[in-house]
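Comments concern the structure below.
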Amino acid sequence: MSRIGNKLIDLPKDVTVTVNDDATVTVKGPKGELTRTVSPKIKITQDGNQVKFERSNESDKAIHGTTRANVNNMVVGVAEGFQKGLELVGVGYRAQKQGNKLILNVGYSNPVEIETPEGLTVDVPANTQINVSGISKQAVGQFAAEIRDVRPPEPYKGKGIKYVGEHIRRKEGKTGK
């Protein structure tokens with residue numbers, strides 16, 4: 001039994017879920033609208049302000065829970081939105097926003113310019129902090145990972161771009177005994 005798939009989704013106020021015959025789910029809310037194609041093996045029903053997910057046989061357990069989690073993330077995204085924070089650690093490492101571009105000075109000879117995808121918002125409250133926000137959890141996480149990949153944190157001095165709250169495992173180096 002899929003425990004996640006059997007949980008009901010309670011819809012917040014001002015959020016509507018529409019399921020089409022071609023297994024396309026559309027979620028509309030105060031922050032925007034998201035559309036996703038789900039597996040036709042899962043039957044999605046809505047009664048009142050709750051959404052229920054049912055599968056036809058036991059072999060569809062994995063897609064049952066995955067479908068429910070994806071639709072729940074869509075509901076949370078259009079109601080509240082998602083946010084991911086990044087920190088720059090290192091002497092001279094800084095970030096700035098110029099129009100639709102994020103410019104990173106992270107120890108390379110030239111600054112790295114990254115174009116912000118449509119539907120996402122990038123804020124730079126301090127020159128060593130970056131906040132990525134949007135309604136799609138997947139898009140926010142993907143763009144934050146692309147920013148982090150410019151200069152991932154290294155284990156000896158801890159320099160690089162890391163997520164807020166991320167713990168970097170440190171190594172001793174060759175002189176440590």
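Considering the stretch 35-65, and only residues there that are among the polar types (S, T, N, Q) and touching a Ser or Thr at 6+ places or on another chain (Cβ under 8 Å), the residue that is nearest to G134 (Cα to Cα) turns out to be T35. At pLDDT 90 or above and assigned to a strand (DSSP E or B) - does that describe any residue in the stretch 3-14? Yes: one or more hits. Has the stretch 145-163 got any residue that is in contact with a Ser or Thr (Cβ under 7 Å, 6 or more places away or on another chain) and either open to solvent by less than 50 Å² (accessible area, probe 1.4 Å) or aliphatic (A, V, I, L, M) (or both)? No: zero hits. Out of the residues in the stretch 92-144 meeting the condition of being of a type in the set (S, T, Y) and touching a strand residue (DSSP E or B) at 6+ places or on another chain (Cβ under 9 Å), tell me which one is nearest to M74 (Cα to Cα). Taking the candidates together, the pick is S136. When the stretch 11-33 is filtered for residues that are out of contact with any helix residue (DSSP H, G or I) (no Cβ under 9 Å at 6 or more places or on another chain), in contact (Cβ under 8 Å) with a residue 12 or more places away in the chain and not polar (S, T, N, Q), the ones remaining, listed by number, are V19, D22, A23. The number of residues in the stretch 120-144 that are open to solvent by less than 60 Å² (accessible area, probe 1.4 Å), under 21 Å from the mean Cα position of the chain (by Cα) and farther than 24 Å from N70 by Cα comes to 3. Residue-level analysis places G176 outside the set of residues that are within 30 Å of G32 (Cα to Cα), in a loop (DSSP other than H, G, I, E, B) and at pLDDT below 95. Being touching a Gly at 6+ places or on another chain (Cβ under 6 Å) and either in contact (Cβ under 8 Å) with a residue 24 or more places away in the chain or in a loop (DSSP other than H, G, I, E, B) (or both) is a description that does not apply to R36. Only residues that are open to solvent by less than 20 Å² (accessible area, probe 1.4 Å) and either among the acidic types (D, E) or within 18 Å of S136 (Cβ to Cβ) (or both) were counted in the stretch 1-10, giving 1.
Just for strands (runs of 3 or more DSSP E) wholly inside the stretch 79-151: which have at least 1 residues that are among the basic types (K, R)? If you could, list the steps in order and put the result at the bottom.
Numbers: elements: 82-89, 94-98, 101-105, 112-115, 120-123, 129-134.
Where strands (runs of 3 or more DSSP E) fall fully within the stretch 79-151 and carry at least 1 residues being among the basic types (K, R), they are 82-89, 94-98, 101-105.
If you go through the stretch 77-105 and keep only what is of a type in the set (A, V, I, L, M, F, W, C) and either open to solvent by less than 20 Å² (accessible area, probe 1.4 Å) or within 22 Å of P155 (Cβ to Cβ) (or both), you end up with V78, L86, L88, V89, V91, A95, L102, I103, L104. Inside the stretch 18-76, can you point out the residues that are more than 18 Å from the chain's Cα centre (by Cα), within 13 Å of L8 (Cβ to Cβ) and open to solvent by 40 Å² or more (accessible area, probe 1.4 Å)? Matches in the stretch 18-76: T45, Q46, D47, G48, N49, Q50, K52, E54.
The values are calculated or read from the model by the stated rules, or taken from the named source; none is laboratory data. Predicted model only: the values in this text are computed from it and were never measured. Every residue, glycine among them, receives a Cβ derived from its backbone with ideal geometry; neighbour counts consider all protein chains shown. Just the protein is used for accessible areas: all its heavy atoms, side chains included, with ligands, DNA and RNA removed. Shrake-Rupley method; radii C 1.70, N 1.55, O 1.52, S 1.80 Å.
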